[in-house]
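Just below is one structure, and these are the notes that go with it.
The values are calculated or read from the model by the stated rules, or taken from the named source; none is laboratory data. Computed from a prediction, not measured in an experiment: that's the story for all the values here. Backbone-built Cβ (ideal geometry, glycine too); neighbour counts: all protein chains shown. In case anyone asks, the SASA skips ligands and DNA or RNA and just uses the protein heavy atoms, side chains included. Shrake-Rupley method; radii C 1.70, N 1.55, O 1.52, S 1.80 Å.
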Amino acid sequence: MHWQTTRFCIDLSRPKVMGIVNVTPDSFSDGGHFASTSAALAHCEKLLVDGAHILDIGGESSRPGTPPVPLDEELARVLPVLREAVTLGVPVSVDTYKPEVMREALALGVDIINDIWGMRQPGAIDAVAGHANCGVCVMHMHGEPRTMHRSPMEGDAVPQVHAFLQEATSRLRAAGVAADRIAWDPGIGFGKTIDQNFALLARQEELLVDGYPLLAGWSRKSSLGTVTGLPVNERLAPSLAAALLAVERGAHVVRVHDVRETLAVIEVRQAVLAAQNEAQSTP
């Protein structure tokens, strides 16, 4: 399996690690440590040294209760970082739902549009479909960031998320976006209860039957804090456990804050798989 993006055809035969770069003053996970352009670029370089395969750069926090960031402010935050990031030799994703930001980012050579709204904002599909070959990650979100924590979805989340992703993909395909440009994200924590989040992990294989790459974003999420009692800055161990479980259940990309540590647990898994294959091939 592969993921076609603007400049790279990403080989997904082995799991890929997407490093998070929050160019925001109010991120739930890193407290705005990388809000300046210089700090964000330094963090990009650190993530690459740690082994990140993809950089995901965003200028608007999606934590529950957060108000939208004005367009001009988001552009001022992310464009200087994206302009430099595309020179670093790896695929670059922009985390945005605004079509204006999408178009500006793609004009700079950005590879992937990572949309928490799942291409539901007016003009979003046109912005992606108007590009020759950029990648797009379609995420499921119930409600919107300001209210999703107060009114989570009801019932069995897995078929609902699956149906949403199928429908969003159908709209992209109808607009001319090739299937190999599309990846899915179940949207852990976005308008879902704790039980629903863990059901999506436990039954993740049900989201793989359509053949689209799956991106899993569990890093430091509040569900991990609830089941472990750990504050956000102490959730490395549960984040690693969730990432590994997601990969075990077929995730092709994991979106994380702690790249080096995530790669380490994935490498242990790869070593075990190699040993299993060797044992099975020995007469």
Spelling it out for H140: with amide H atoms placed in the peptide plane at 1.01 Å from N, the residues 5 or more places away or on another chain with amide H under 5 Å from its amide H are D185, G187
Everything considered on the Cα gyration tensor (a ≥ b ≥ c; rounded for a/c under 1.5, else prolate if a/b is larger than b/c, else oblate), the stretch 167-283 must be described as oblate
Share of carbon and sulfur in the accessible heavy-atom surface of the stretch 1-125 [1.4 Å probe, %]: 55
Shape of the stretch 56-194, Cα gyration tensor, a/c cut at 1.5: oblate
So what is the calculated 222 nm ellipticity per residue for the chain, using -39500 (n - 2.57) for each DSSP H run with n of 4 or more, over all residues, to the nearest 500 deg cm²/dmol? -12500 deg cm²/dmol
Cβ-placed point charges (K, R +1; D, E -1), dipole of the chain about Cα centre in debye, nearest 20: 80
If we count every other residue with Cβ under 15 angstrom of L208's Cβ, Lys/Arg +1 and Asp/Glu -1, where does the sum land? -3
The answer for the stretch 170-209, accessible area per residue at 1.4 Å probe in Å², is 38
For R14, solvent-accessible area (1.4 Å; no DNA, RNA or ligand), Å²: 110
If a/c stays under 1.5 just call it rounded; otherwise compare a/b with b/c (prolate if a/b is bigger, oblate if not). Do that for the chain, with a ≥ b ≥ c from the square roots of the Cα gyration tensor eigenvalues. rounded
